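Novice: My questions will all concern the structure given below.
No value in this document is a laboratory result; all are computed from the given coordinates. Note that the structure is a prediction, hence the values are computed from the model and not measured. Cβ sites come from the backbone with ideal geometry, for glycine too, and all protein chains shown count toward neighbours.
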Amino acid sequence: MAELQVGTELPEREFGVARADLIRYAGASGDFNPIHWSDRVAKDVGLPTVIGHGMLTMALAARLLTDWAGDPGAVVEYGARFSRPVVVPDDAHGVIVTVSGVVANVRDDGLVDVELTVKVDDQKMLTQARAVVRPRGVE
């Protein structure tokens, strides 16, 4: 990975999230909190409408990392803070979550520090989204 250097951009990805995705994620994760499927409950707690699961948002960012690295096991560390919820409208299209990343540091041991940006439109959904990755071909 000689070409890998600080400032290298990971290929940006767009992920569509619709209400049906929230239902599937709830089933897979066991998180059936009604703010993820009931407009009434979401509005009762002060949300504009149903929101995506925070861990689903983080998983989309991790997908960028694992696709880029070539191996799901390549992600050594990963963390983020939630800055705002992903609002998912009740329509056929849902919302587009855009994920990008940049190499912040290349370590001597082959590990790479990556800073992620996760947005809906121009609003950041996650802050301090950082990962340590061992890209394919690095021992």
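Novice: Specify the residue with the greatest mean-square fluctuation among G30, G70, G16, computed from a Gaussian network of the chain linking alpha-carbon atoms under 10 Å apart.
Specialist: Per the Cα network of the chain with a 10 Å cutoff, G30 tops the list.
Novice: Check G110: other-chain or 5+ apart residues with amide H under 5 Å from its amide H, H built from backbone geometry?
Specialist: Hits under the 5 Å cutoff: none.
Novice: With unit charges on the beta carbons (Lys and Arg positive, Asp and Glu negative) and the dipole taken about the Cα centre of the chain, which residue among Q5, A104, A20 sits farthest to the positive side?
Specialist: Of Q5, A104, A20, it is A20.
Novice: Once fully extended, how much extra length lies between D108 and F82, figured as 0.36 nm per residue of separation less the alpha-carbon to alpha-carbon distance? If you can, show how the numbers build up before the last one.
Specialist: On the way: separation 26, 0.36 × 26 = 9.36 nm, distance 3.08 nm.
Here the segment from D108 to F82 would lengthen by 6.3 nm.
Novice: Just to verify a number: FRET efficiency for H93 and Q5, C-beta to C-beta distance, R0 = 30 Å, to 0.05? Write out the running numbers ahead of the final one.
Specialist: On the way: r = 38 Å, r/R0 = 1.25.
Between H93 and Q5 the formula returns 0.20.
Novice: With each label point set 7 Å from Cα along the Cα-Cβ vector, what nm distance links D122 and E14?
Specialist: Placing both labels 7 Å along Cα→Cβ, they lie 1.7 nm apart.
Novice: Could you work out the relative contact order of the chain? I mean the mean sequence separation of Cα pairs under 8 Å and 6+ apart, divided by the number of residues, in percent.
Specialist: Numbers: 279 pairs, mean separation 41.9, N = 139.
So the answer I get is 30 percent.
Novice: Between the stretch 39-96 and the stretch 108-136, what is the C-alpha centre distance in whole Å?
Specialist: Distance between centres, Cα-based: 14 Å.
Novice: Report Rg(Cα)/(2.2 N^0.38 Å) for the stretch 7-139, keeping two decimals.
Specialist: For the stretch 7-139, the normalised Cα radius of gyration comes out at 1.13.
Novice: Which of the chymotrypsin sites (Phe, Trp or Tyr not before Pro) found in the stretch 1-60 are in a DSSP loop and have at most 13 neighbouring Cβ atoms, other than their own, within 10 Å?
Specialist: F32
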